[in-house]
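Here the structure is laid out as structure tokens; the discussion comes afterwards.
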Amino acid sequence: MSNTVPTKANLMATQKSLSLAKLGYELMDRKKNILVREMMQLVDEAKDVERNINAVYIKAYRSLEMANITLGLCSNFARCVPLDESLQVDYKSVMGVEIPVLSCDEPELKNYYGFDSTNSYLDEAYFNFNEAKKLTVRLAETQSAIFRLADAVKKTQKRANALNNVLIPQFTRDIKYISEALDEKEREDFTTLKVVKHNKEHEKAED
């Protein structure tokens, strides 16, 4: 049984709460669907990047392996390439969820280590690892967005379930209880008025 006092004011307030709860559920459900759609698009994108990145890393390590075989260890040549510190992190909002957007400058691909003591295998390794770096940034951005969206979907679904399975049924029961109580009180008042009227008429007739 509801603890709500069965008054007309409480009935109106509970009806308003029910309308807001239903609206909230519709908004939560719509938000969840948009987030799921956005997440699934990113999942497809991540799968595509993963397929490409594996091939690029294999190609890059093969080139590095050949460079090491033909030139010896290439660590000294690698130190000639400037350190890339251009990675930037920004954010965009998807239905209130902050999604990271990663970017890095496109480096000027040029020979930093000289041609006289190197060969084409080292050049290939340099170019291939640069491509692998770009794909790694893209994959990190996509996977991070997927994790954030998945967490938001979970929280949104939890709120929607609370509205649909707890609050909306509770408000519906309260409205039924208050309405029935008010109807019963109205019938009692009507009966009481009839009795009072009958008694007055009876008293008047006796006079």
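The values are calculated or read from the model by the stated rules, or taken from the named source; none is laboratory data. The structure presented is a predicted model; accordingly, all values stated were derived computationally and were not measured. Glycine also receives a Cβ, built like all others from the backbone with ideal geometry; neighbour counts cover every protein chain displayed. For the accessible areas, the whole protein counts, side chains as well, though only heavy atoms, and no ligand, DNA or RNA atoms are used. Shrake-Rupley method; radii C 1.70, N 1.55, O 1.52, S 1.80 Å.
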So which aspartates and glutamates pass the test for Lys158, namely a Cα distance under 20 Å, with those fewer than 8 places away in the same chain ruled out?
-> Glu26, Asp29, Glu38, Glu98
Under 11 Å from the Cβ of Arg159, count the other residues' Cβ atoms, weight Lys and Arg +1, Asp and Glu -1, and hand me the total.
-> +4
Sparse-neighbourhood loop hits (GluC sites (Glu not before Pro), the range 56-112; DSSP loop; Cβ within 10 Å at most 11 others) -> Glu85, Glu108
Check Val94: other-chain or 5+ apart residues with amide H under 5 Å from its amide H, H built from backbone geometry?
-> Ile99
By how many degrees, between 0 and 90 and to the nearest 10, does the Cα long axis of helix 120-162 differ from the longest principal axis of the chain?
-> 10
On Cα atoms only, tilt of 8-71 relative to the major axis of the chain in degrees | 10
Return the carbon/sulfur percentage of the accessible area of the chain, one whole number, probe 1.4 Å, all protein chains in place.
-> 56
For helix 168-206, report the angle its Cα long axis makes with the longest principal axis of the Cα atoms of the chain; keep it between 0 and 90° and round to the nearest 10°.
-> 10
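Structure shown: which of Lys16/Lys176; Lys22/Lys92; Lys92/Lys134 lie over 24 Å apart, alpha-carbon to alpha-carbon?
Correct reply: Lys22/Lys92.
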Before rounding to the nearest 500, sum -39500 (n - 2.57) across all DSSP H runs of length at least 4 in the chain and divide by the residue total; then give [θ] at 222 nm in deg cm²/dmol.
-> -26500 deg cm²/dmol
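Where only protein heavy atoms count, and the probe is 1.4 Å, what is the accessible area per residue for the chain in Å²? If you can, show how the numbers build up before the last one.
On the way: 14430 Å² over 207 residues.
Ligands and nucleic acids excluded, the figure is 70 Å² per residue.
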The list [x] 12.5; [y] 11.4; [z] 17.5 gives values of mean projected area of the Cα convex hull in nm², and only one came from this structure; which label was calculated from it?
-> [z]
Net charge near Thr14: determine it from the other residues with C-beta under 12 Å of the C-beta of Thr14, scoring Lys and Arg +1 and Asp and Glu -1.
-> +3
